[in-house]
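The values are calculated or read from the model by the stated rules, or taken from the named source; none is laboratory data. This is a predicted model, so every value here is computed, not measured. Cβ sites come from the backbone with ideal geometry, for glycine too, and all protein chains shown count toward neighbours.
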Amino acid sequence: MRDRAHTSVLALPYIEALCTDKKGRYVDATFGRGGHTQLMLEALSNEAEVLGLDRDPQAISVGKALAKEDARFSITYTDFAGITDAVEDKGWPNLTGIGFDLGVSSPQLDQAERGFSFMKKGPLDMRMDFESGQPLSEKLKKVSESELAQVIRNHGGERFAGRIARSILNALHQGGMNTTQDLENVCFHATPKKMRHTGAHPATRTFQALRIWVNDEMNQIDQAVQASMKLLQTGGRLVIISFHSGEDRRIRDLIEKQVNGCVCPREFPMCACGFKPTMKWVQKKPIRATAAEIEANPRSRSAMLRVAEKLSET
Ligand SMILES: C[S@@+](CC[C@H](N)C(=O)[O-])C[C@H]1O[C@@H](n2cnc3c(N)ncnc32)[C@H](O)[C@@H]1O
């Protein structure tokens, strides 16, 4: 779906997978600009309720305006660690569905002052919640070269993580690491010449990795998936869109533990560890965007949607 600011990815499969009961209670845990929420509200009946969550104060302002227009909708300012509290505050015993559309929104990327984009000159910030936590500039002052290289390698899959980490900290110590353009420039020059113009821009993977680090996104995913599986009613759906393989693997592994977490040795004729599945896969192989969606919205190219269903109360 396209609104003024953000084009929601995989909109149709997301809504079809999530909205299984027109009268249900749902959480859109990544409200953003409300594109997916609005589609949910269109698909649901007057008796349904939707709670939006976001850690970005700007998203919350958009959500508050929507809540005034549609009594079925409300919004809470929280990160994923607060999902359970937010649902309990509503007094909802359990949920029909919880949806996630991870990563950053287009408005976050487009506003230079948020510091997410290597295409716009801005401060080294990258916080989704700019009212708490430490901006990238502060985190860089405290990190060692080897830790930084690990962040860039693990969260960005960057081959030249070591060289880039060294160059970032050298520039920082010489006073030349103040803006996103400085960071982009360092990534470009730390990449071997013959690799600078092949594939994605040399800063792409490092910017992704540093954003994940600043926002502690991997821990947030762990908390999100674990809490969500508990909050669902039997038959309730967990629907998650992620944008890179590290995130997707983490989500898959957390759900797979509840689907197939038997730890008995292979040679055992039957399970003796007492494992009982609490989730089942509805969509184990991720759904990807069609060629037409990718052409209309290049951001959907890397989107992966997984769907799992609650088997029993835990
Ligand atoms: C890709 S956008 C969602 C766009 C939305 N589905 C739409 O159609 O407008 C992701 C949103 O999730 C929020 N977000 C990401 N990680 C979060 C977290 N750990 N806790 C709360 N909000 C988060 C971001 O601030 C951003 O607004």
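Per the conditions (1) in contact (Cβ under 8 Å) with a residue 40 or more places away in the chain; (2) among the aliphatic types (A, V, I, L, M); (3) over 23 Å from Glu131 (Cβ atoms), the sole criterion not satisfied by Ala43 is (1). Just one residue in the set Lys90, Lys68, Lys64, Lys120 is of a type in the set (Lys, Arg), modelled with pLDDT under 95 and outside the structural domain of Ala203 (by TED's automatic domain parsing); that residue is Lys120.
The listed residues are Val50, Val9, and the only one of them that is more than 8 Å from the ligand (Cβ to nearest atom), β-branched (Val, Ile, Thr) and crowded, with 24+ Cβ neighbours inside 10 Å turns out to be Val50. Only a single criterion out of (1) crowded, with 19+ Cβ neighbours inside 10 Å; (2) more than 30 Å from Lys121 (Cα to Cα) is not satisfied by Ile241, namely (2). For Lys257, the stated conditions do not hold, so it cannot be described as in a strand (DSSP E or B), among the basic types (Lys, Arg) and within 24 Å of Gly103 (Cα to Cα).
Residues checked against (1) buried (at least 19 other Cβ atoms within 10 Å of the Cβ); (2) near the ligand (Cβ under 8 Å from one of its atoms); (3) small (Gly, Ala, Ser):
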position: Asp28; (1), (2), (3): yes, yes, no
position: Asp54; (1), (2), (3): yes, yes, no
position: Glu69; (1), (2), (3): no, no, no
position: Ser74; (1), (2), (3): no, no, yes
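Taking first residues from segment 15-29 that are farther than 16 Å from Lys230 by Cα and partners that are charged (D, E, K, R) and in a loop (DSSP other than H, G, I, E, B), the Cβ contacts under 7 Å between residues at least 6 apart in sequence or on separate chains come to Lys23/Glu47. In segment 109-117 there is no residue matching the filter, namely being out of contact with any Ser or Thr (no Cβ under 9 Å at 6 or more places or on another chain), in contact (Cβ under 8 Å) with a residue 24 or more places away in the chain and surrounded by fewer than 19 Cβ atoms within 10 Å (Cβ to Cβ).
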